[in-house]
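No lab work stands behind these numbers, since they all come straight from the coordinates. Just so you know, these numbers come straight off a predicted model, no measurement behind them. Every residue, glycine among them, receives a Cβ derived from its backbone with ideal geometry; neighbour counts consider all protein chains shown.
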Ligand code: FES
C-alpha cells in the first residue's frame, strides 16, 4: 500500500496540479520552511460568496512539500473559506499516506501553514506543532 502512496506523491511532484500564478488573486501568501529555506506560495481567487474559485501554488522544495501543496490545492478548489478552516494536518498526512518523521512534517505541512496564515492571519493558524514554526 505504501507503494501506491509513494507513486502518488511522485506523480504530484512531477505533474503538480494548479502550479503557477493567478492574474488577480484576492489572497496571496508565502512562507519559508525554517529548516531548509524552501518557500511555498499560495494564491487564491475567492468570490463574493467566499468560495475559492481558483487556486495556484508555487515555490521550490522537496517532493513531500510540493506534492502536499499540489494535493492541498485539489482539496480546496471550489470550497468555501469556512470549509477551508476545517482542513487539518491529518487531512494532509492522510492524503500523503506514508509515515512522515518530525523533520519531514514541516515539509508536509508548509503549504497548509501558508494557506491558513494567508487567509486568516498568523493568530488563527491552528496547525499542530505551531510552537516549532
Ligand atoms: Fe525543503 Fe522539504 S526539504 S521543503
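A few notes on this one:
- Simple label model, 7 Å out from Cα along Cβ direction - residue 91 to residue 19, nm: 2.3 nm
- Among 109-121, 93-105, the order from most to least packed when residues are scored by Cβ within 10 Å on average: 109-121, 93-105
- The chain - Rg (one decimal) and Dmax (whole number), Cα, Å: 13.7, 42
- Extension reserve of the residue 98-residue 36 stretch, reckoned as 0.36 nm per residue once the Cα distance is removed: 20.2 nm
- The range 29-56-the range 94-109 distance, computed between alpha-carbon centres (Å): 19 Å
- Prolate/oblate/rounded call for the range 1-78, Cα gyration tensor, a/c under 1.5 rounded: oblate
- CD proxy at 222 nm, helix term only [per DSSP H run n ≥ 4: -39500 (n - 2.57); per residue of the chain; nearest 500]: -13500 deg cm²/dmol
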